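Have a look at the structure below, then the notes.
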């Protein structure tokens, strides 16, 4: 590759301090990173609430975010032509500040206008709505990254682009820490988004003044730079006034729940909780999904009595989730000595005690605020009955409570002949093939640890598992114990437990299906497929266009861009694997999971910084040209190829390490060791991935921004496919081992491409 004169001169100036103009741009990039992370987290939570929070929605939102950012970075290659780049960056900072707030308002206000109120939104509609909502911000943010790189490249050459990558990573770390550990505990989503908005507006004011010329062309408009600064200042003051004088979150939430009386709304690290009231009935919704109601007697009695009727003399009962609905209080009808109720989200407990005080008032109910799986792993108590009342396995996190490994852990805490109960699916006199696979997989998971498994057909399908006897005549056992119920009585059970329904269910649970396991979570894939079967899934214009463009792009990938594509895929897919492993091994405690994400972002910044400094020092020593090529080109291609091979080796070793960690047990020292090892693995992966971008950028730099634009796009597109496919298809279909193998093969191919390029160079 032949460097331009500006490239050579910039390489000779690496020892000089970073220019003031460059510092300002780097701060802007950092602010953009803060905004991107906070906006992504807030919009992801909002979209999960609007469109049935399952793994498909999560994968679609995260995937589209990365894809559109990549397209924005690709469009940014035209930023070299702008006459006044700093002023353009100032305008973009204003857009980055305002767009997230507009997006949240539009989502809340239009969800029930565009789609039927209360109805679930299908896959096609979810993809289309998320695409339209995310499009403006992601394109602008992706463009801004390339624009900043263009400015820095003019000042410092390829080292400036490497610094932009580092600044973006550092901004992402700061934004992630502030959102996850500070702001989300005290502020609503709109108040949170106002924080980065004010930061970006302040930077827009600063950027407006060092502009090289007095005016900036934007279409047919002419903006004097003082007017640009004044506009940013007015917007900032307006936001501050609106935040102080208006309840923006309350206003937009009322638009979202127009016909309901909202009595409480609050956010926690786990989601946004809304409590509504109608004729004395309180309904709780977390991230838009109903979790409990004060008059849901059917759910409460079904959850409790099918399990408790098996051991009517139980003394110790463990209830995982659902206690505020009244299930904990209902268990006390059997005269138990104690109910240990485990709930992860402290906000659910706080609002439950405020609006449903009778549910947890009895002294025999011991409330434990932690992850249910972590509690089971660590406790030394023994229980006669364990009731798992978690939502359906719509995500990998929820799937942890339906795996063979977890049920094996539950067996360890059961007393002799103890019973475990969990529910799955919706049953209305017909078992579809998709539902049958779900039920069969869950049944097989239970049979891995228990001799006897009984399936009960009701509004949901209840599974009872034990090494002792199980009794299908539930009505008789409830009557013998003289338990008073409103719904689950002999008449109700006679209608539900008919011979044909029982036979139908027995036939469904022996259908061919894979066992649901921790590192091969097929059940949430079966659940996802069952959910999708309820809609007429079709490819619209947006999906077809995206697939065609993506296919055309992948066919044209070459050289360093392909290596960055492979590492982007590895970064997303393997980070999903590590997060899943952490939740399985250590529980889903939010701040701990947030630490893993923070470690990953810090590793990216560390790797990029190390490589940027190393490459800069090498450039100082060897800047001469040999036959029109960099003298160090061969060595750099070799290094890029070596990094790709190291990522491939990491992917191959990872599935061998994770199962070994599961054998360490649940003691405090063992858990600390597991957390440390997972954090170390995350750091190693991130450092390897982070080192590749500055190195690839030096290979591709030709004095223009085209190379950086191409590399950013490849990185984002690879991350898009890794996130989307890993979340929704690859992990449940081929397991963690299969995902790691696929990632290894892709990066081995990247290493081969690098070696081929080295030979050509």
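Annotations
- In the range 249-270, residue farthest from residue 395 (Cα to Cα) [restricted to those that are without any contact (Cβ under 8 Å) to a residue 40 or more places away in the chain and within 26 Å of the chain's Cα centre (by Cα)]: 250
- Verdict on residue 524 being closer than 30 Å to residue 731 by Cβ, at pLDDT below 90, in a helix (DSSP H, G or I) and assigned by TED's automatic domain parsing to the domain that holds residue 376: yes
- Single unsatisfied condition, residue 381 versus (1) in a loop (DSSP other than H, G, I, E, B); (2) within 23 Å of the chain's Cα centre (by Cα); (3) closer than 23 Å to residue 667 by Cβ: (2)
- Taken as a whole, the range 164-186 holds no residue that is in the same structural domain as residue 69 (by TED's automatic domain parsing) and not in a helix (DSSP H, G or I).
- Residue within the range 31-41 that is farther than 23 Å from residue 593 by Cβ and in contact (Cβ under 8 Å) with a residue 24 or more places away in the chain present: yes
- Residues in the range 253-275 that are surrounded by fewer than 20 Cβ atoms within 10 Å (Cβ to Cβ) and part of a helix (DSSP H, G or I) were compared, and the one that is modelled with the lowest pLDDT is 255.
- Out of 599, 577, one residue alone is surrounded by fewer than 22 Cβ atoms within 10 Å (Cβ to Cβ) and in a helix (DSSP H, G or I). It is 599.
- Within the range 171-189, the set of residues being over 17 Å from residue 346 (Cβ atoms) and buried (at least 24 other Cβ atoms within 10 Å of the Cβ) comprises 171, 172, 175, 179, 189.
The values are calculated or read from the model by the stated rules, or taken from the named source; none is laboratory data. All of these numbers come straight from a predicted model, not from anything done at the bench. Note that we place each Cβ from the backbone using ideal geometry, even for glycine, and neighbour counts take in every protein chain shown.
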